[in-house]
1. How tilted is helix 184-196 with respect to the longest principal axis of the chain? Cα atoms for both, answer in degrees (0 to 90, nearest 10).
2. What residues of the stretch 309-329 lie in the reach of a label at residue 360, counting those whose backbone N is under 17 Å from a point 7 Å from the Cα along Cα→Cβ?
3. Could you state the angle between the C-alpha long axis of helix 9-24 and the longest principal axis of the C-alpha atoms of the chain, as a value from 0 to 90 degrees rounded to the nearest 10?
4. May I ask you to sort 293, 36 by Cβ crowding, counting other Cβ atoms within 10 Å and putting the fewest first?
5. Could you give the angle, 0 to 90 degrees to the nearest 10, between helix 292-303's Cα long axis and the longest principal axis of the Cα atoms of the chain?
6. Give the shape of the stretch 149-377 as rounded, prolate or oblate, defined through the alpha-carbon gyration tensor: a ≥ b ≥ c are the square roots of its eigenvalues, a/c under 1.5 means rounded, and otherwise the shape is prolate if a/b is larger than b/c and oblate if not.
7. In which sequence would 86, 222 go, from the one with the fewest C-beta neighbours within 10 Å to the one with the most?
8. Compute the length gained on full extension between residue 293 and residue 44: take 0.36 nm times their separation in residues and subtract their Cα-Cα distance, giving the result in nm to one decimal.
């Protein structure tokens, strides 16, 4: 292993920033709605303190690293994966803490897209005679927080659609039977996708057919700190235009919050669902179903959701794909054939080759006996959106 002592100055910056990025990844499942951030303090080419942000409302990465370093922070360089905050939220400004500790140089991977910071942190540090370097390992650091960046710059969360399919692109038998297409390793990976998400969205059809719980489960997460991760259950959201969710649904009996998004009111049904533990939000209709874009804006602005996981059947998944609401696809493929009568992956009314949806595949890997394809759909015309009579006429 190459020692940082033998490196050029720029190489050392890369080396320690990558260490900070590895620290930040330890908050992958827990920092919501805050970004994942890591910090390393170095003095005389020796790490004197390091830390990462674990939970919203608790110490930021810089503060945690300073607590470890103590007096040794004086004269040190701080490597931070995200521009230090200069405003007071649930905790104090990290910039002030760095100045007070006597840090003389701060290396930042990327500027904070949060308008409350937006360059204010680096300006504050420079105003207090601290040398600041920006953009070190920026691309790697940005990959830590794609949802946070999107929410801050567009007012929408990052949407990942999770779908399980056979080799012939089918997600369920004609009857709706779908358990299980993939194996235990793939289902454990799905639990991790849920755990890192701020919210999980499904359609009422999946609730009516599968009675899904949509929880993160300790027994299936397969992580050392699974119990701690499961303390935060993602917000569960049911798209249910006409309030058809049964009051006895399992999803209403789970720890955490369940929100039903509807657009056609029924006072009696609404009261019954509230009594059963649901939270209700009325949103505009689009083609007789809850407007997906309106829901995402509500999740971003009112619930501070950075990353949303869509777990739905072919109708709702196809509708969101057609509207350009899906940023990423996580496609689990099992080495099975379900046949021509089985339900397709997406319900998309495409007639010509020029309407095809191209995917940018970023990764293909084995997950147990199955395969996971990670891809980004290219934007397609909204005319492809499915105009189904209900939110989820069929489920996976």
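Values quoted throughout were computed directly from the atomic coordinates according to the rules given, and no laboratory measurement underlies them. If you're wondering where the values come from, they're calculated on a predicted model, not measured in any experiment. Using ideal geometry, Cβ is built from the backbone for each residue, glycine included, and neighbour counts are taken over all protein chains shown.
1. For 184-196 against the chain, the angle is about 60 degrees.
2. 324-329
3. Helix 9-24 sits at roughly 40 degrees to that axis.
4. So the residues, fewest neighbours to most, are 293, 36.
5. 40 degrees
6. It is rounded, given that a/c, with a ≥ b ≥ c, falls under 1.5.
7. Numbers: 86 20, 222 14.
Ranking 86, 222 by Cβ neighbours within 10 Å, fewest first, gives 222, 86.
8. Length gained, residue 293 through residue 44: 84.5 nm.
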